[in-house]
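Bear in mind these aren't lab numbers, they're just calculated from the coordinates by the rules spelled out. Model, not experiment: these values are computed from the prediction. When we count neighbours, we look across all protein chains shown, and the Cβ atoms used for this are built from the backbone with ideal geometry, even at glycine.
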Amino acid sequence: MDNLRKTLACSVCIALCVVLPMAFHAIPQGGVLFSPMHLPVLLCGIVTSWPFGLICGIAGPLLSSLFTGMPGAPMLPQMMVELGSYGFMAGLMMRLAGRGGKLSGVVVSLVAAMLFGRITAGLARAFIFARGSYSFPAWISSYFVSCLPAIIMQLVLIPLIYAALRKAGFVDRRMG
């Protein structure tokens, strides 16, 4: 995939970071349950590369906050750390595990990115954003239990979207 296509894909994913939360927040608790910004950021890292995934993970929540007020200012830095970590690791793992465009590589990349992002965000919250008032049970609850529907949705939808993009010729088989 050339840089122009990567830039275009990243731009579309950043735009989705602004639009999807508005749609999901129309559903009661939809934004909390389904973590709509995670989808485009993870997809961007997988389809493009780690630098574009990182950019999407940082710029997506920032622009969404500026245009829509979501996430609010107190949550924005935390989400930028979390989503930046997701985009970075999804792209890096896709490069390492996703050679040949196999869906198993996509799933491995997703799981690694989800774990890395949740660990990074939990550490950032514990040591920077909520120093002294953030516990291990709170981390487990907020990053694994309450967002279980989002995790399942991401593990189902992203490989399907990736397969459709590959079939359409948007994603190159050699690209990892």
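Data table
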item	result
Percent RCO, i.e. relative contact order, over the chain, from Cα pairs under 8 Å lying at least 6 residues apart	25
Structure-based [θ]222 nm, the chain - -39500 (n - 2.57) summed over DSSP H runs of at least 4, per residue, nearest 500	-23500 deg cm²/dmol
Cysteines having no other Cys beta carbon under 4.7 Å from their own, within the chain	10, 17, 147
Cα-projected label distance for residue 136 with residue 12, points at 7 Å along beta-carbon direction, nm	4.3
Extension gain, residue 66 back to residue 25 (0.36 nm per residue minus Cα-Cα distance, nm)	13.1 nm
Region 107-129 and region 1-59: distance between their alpha carbon centers, rounded to Å	17
Nearest-0.05 FRET efficiency for residue 115 and residue 73, computed from C-beta distance (R0 41 Å)	0.90
Charged-residue dipole, Cβ positions (Lys, Arg, Asp, Glu), the chain about Cα centre, Debye nearest 20	460
Net charge of neighbours whose Cβ lies under 15 Å from the Cβ of residue 111, counting Lys and Arg as +1 and Asp and Glu as -1	+2
At q = 0.15 Å⁻¹, base-10 log of I(q)/I(0) for region 12-61 (Debye sum, equal scatterers on each alpha carbon)	-0.36
More than 29 Å apart - percent of Cα-Cα pairs taken over the chain	15
